[in-house]
1. Taking amide hydrogens as modeled 1.01 Å from N in the peptide plane, which residues meet the under 5 Å criterion relative to R71, leaving out close sequence neighbours?
2. Computing the accessible area with a 1.4 Å probe over protein heavy atoms, can you report the carbon and sulfur percentage for the chain?
3. In percent, what relative contact order does the chain have, based on Cα pairs under 8 Å that are 6 or more apart in sequence?
4. Trypsin sites (Lys or Arg not before Pro), restricted to region 13-113: which are DSSP loop and have at most 16 other Cβ atoms within 10 Å?
5. Could you report the chain's accessible area per residue, 1.4 Å probe, as an integer in Å²?
6. Placing +1 at every Lys and Arg Cβ and -1 at every Asp and Glu Cβ, with all other atoms neutral, what dipole size does the chain have around its Cα centre, in debye to the nearest 20?
7. How much length is gained on full extension from Q44 to R66, taking 0.36 nm per residue of separation minus their Cα-Cα distance?
8. Mind checking which of V63, V78, V48 has the largest fluctuation in a GNM of the chain, springs on alpha carbons under 10 Å?
Amino acid sequence: QVQLVESGGGLVQPGGSLRLSCAASGISFNMYAMSWYRQAPGKQRELVATITTMNIAIYANSVKGRFTISRDNPKNTVYLQMNSLKPEDTAVYYCFLPGRSSWGQGTQVTVSS
């Protein structure tokens with residue numbers, strides 16, 4: 001059974017940084033692309049970033065140059081390093097496994113002074 005567990009969310013001031021982690025179990029992690037989505041209050045869930053099995057990263061225009069997705073295959077973990085955070089980055093961030101259509105439970109990120 002696939003399980004995705006996010007961690008690392010919290011409250012941060014504008015311009016600050018956070019690193020989200022998503023630990024996966026129940027899969028051969030290195031065989032799957034992984035994604036991060038986010039959903040702000042009253043808005044649709046949107047794709048933030050994807051990393052392929054070949055470590056190719058794809059980003060939403062809104063986070064390019066500020067966010068970095070990475071993976072550690074031996075640890076079965078995908079990360080989202082978020083720098084220069086803005087209030088509009090406030091959302092629940094979800095880890096997603098496209099190959100199995102599996103979601104994590106989400107972690108709240110709040111950017112506010």
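1. Under 5 Å from the amide H of R71 lie the amide H atoms of Y79, each far enough along the sequence or on another chain.
2. With neighbouring chains kept in place, the figure for the chain is 48 percent.
3. Working: 274 pairs, mean separation 41.7, N = 113.
In percent, rounded to a whole number, it is 37.
4. When the trypsin sites (Lys or Arg not before Pro) of region 13-113 are filtered for loop state and at most 16 Cβ neighbours within 10 Å, K43, R45, K64, R66, R100 remain.
5. Numbers: 5940 Å² over 113 residues.
Accessible surface, normalised per residue, equals 53 Å².
6. Its charge dipole is roughly 100 debye.
7. Extending this stretch completely gives an extra 5.8 nm.
8. Fluctuation is largest for V63.
The values are calculated or read from the model by the stated rules, or taken from the named source; none is laboratory data. Please read all numbers here as calculations on a predicted model, not as lab measurements. Here Cβ is always computed from backbone atoms with ideal geometry, including for glycine, and neighbour counts include all displayed protein chains. Accessible surface areas use protein heavy atoms only, side chains included; no ligands, DNA or RNA. Shrake-Rupley method; radii C 1.70, N 1.55, O 1.52, S 1.80 Å.
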